[in-house]
Amino acid sequence: MYIDDIRHYCISKKAVTESFPFNNTTLVFKVMNKIFLMAPLDKWEAGKASITVKCDPVYTDELRETFESIYAGPYVSNKHWNTLALHTYELSPKLVIKLINHSYEMVVKGMTKKLRETLNSL
């Protein structure tokens, strides 16, 4: 998958914004101001494409045991976040989309009731 594909998919989801809150190379996608995906663009340019997504802790371990290209990423909670190495081509686009959706849903699930209601009303 290309970063443009991921970007277009993410921003097509309800109430998603994109920004560079940490630096000028880490593209971040948020739903209702809560991060669900990070993409270090400098790594994409260097041929080491990856994204980091939120994940259920039990599923996190299962994914890491199943795929070499899914691992604990830097600067995030290793219990709740996975980095997907996309440059290895081990992960199918279908699985990547599934994990992006899972991340989005995990973030929405963790929102307050009021924020979820606001999201649902959009």
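So who's got an amide H within less than 5 Å of the one on ILE51, skipping anything under 5 residues away but keeping other chains? H placed 1.01 Å off N, in plane.
Residues meeting the amide H criterion: LEU84, LEU86.
For segment 29-45, just list the computed ³J(HN,Hα) in residue order, Karplus coefficients 6.51, -1.76 and 1.60, θ = phi - 60°, integers in Hz, with x standing in for Gly and Pro.
Once θ is set to phi - 60°, the couplings for segment 29-45 become 10, 10, 10, 6, 6, 10, 5, 10, 7, 10, 10, x, 5, 5, 6, 4, 5 Hz.
Short version: ³J(HN,Hα) in whole Hz for each residue of segment 68-75, in order, from phi by Karplus 6.51 cos²θ - 1.76 cosθ + 1.60 (θ = phi - 60°), x for Gly and Pro, what are they?
Values per residue, Gly and Pro as x: 5, 7, 10, 8, 5, x, x, 6 Hz.
Please arrange SER69, SER77 by how many other C-beta atoms lie within 10 Å of their C-beta, fewest to most. Intermediate values should be presented prior to the final figure.
On the way: SER69 19, SER77 11.
Listing SER69, SER77 from fewest to most nearby Cβ atoms yields SER77, SER69.
Which loop-located chymotrypsin sites (Phe, Trp or Tyr not before Pro) does segment 22-122 contain, where loop means any DSSP state but H, G, I, E or B and the Cβ has at most 13 other Cβ atoms within 10 Å?
Taking segment 22-122 and a limit of 13 other Cβ atoms within 10 Å, the loop chymotrypsin sites (Phe, Trp or Tyr not before Pro) found are PHE22, TYR75, TYR89.
Just to be sure I understand, if you calculate semi-axes √(5λ) of the Cα gyration tensor in Å for this structure, which of [x] 32, 19, 11; [y] 22, 17, 13; [z] 28, 24, 12 do you get?
[y]
Simple spin-label model, 7 Å along Cα-to-Cβ: LYS48 to LEU115 in nm?
With each label placed 7 Å out from Cα toward Cβ, I get 3.1 nm.
How do VAL108, VAL16 line up, fewest other C-beta atoms within 10 Å first? Before the final figure, lay out the partial values.
Values: VAL108 19, VAL16 16.
So the ranking, lowest neighbour count to highest, is VAL16, VAL108.
As a check on your grasp of the helix formula, calculate [θ] at 222 nm for the chain: sum -39500 (n - 2.57) over DSSP H runs of n ≥ 4, divide by the residue count, round to the nearest 500. Please report the intermediate quantities before stating the final value.
Values: 5 runs with 50 residues, N = 122.
Helix-only estimate at 222 nm: -12000 deg cm²/dmol.
Long-range amide H contacts for LEU27: which residues qualify at under 5 Å (H placed 1.01 Å from N, peptide plane, sequence gap of 5 or more or a different chain)?
The answer is ALA39, LEU41.
Just so you know, all these numbers are worked out from the coordinates, no wet-lab data involved. These figures come from a predicted structure and were not determined experimentally. Positions of Cβ are backbone-derived with ideal geometry, glycine not excepted, and every protein chain shown enters the neighbour counts.
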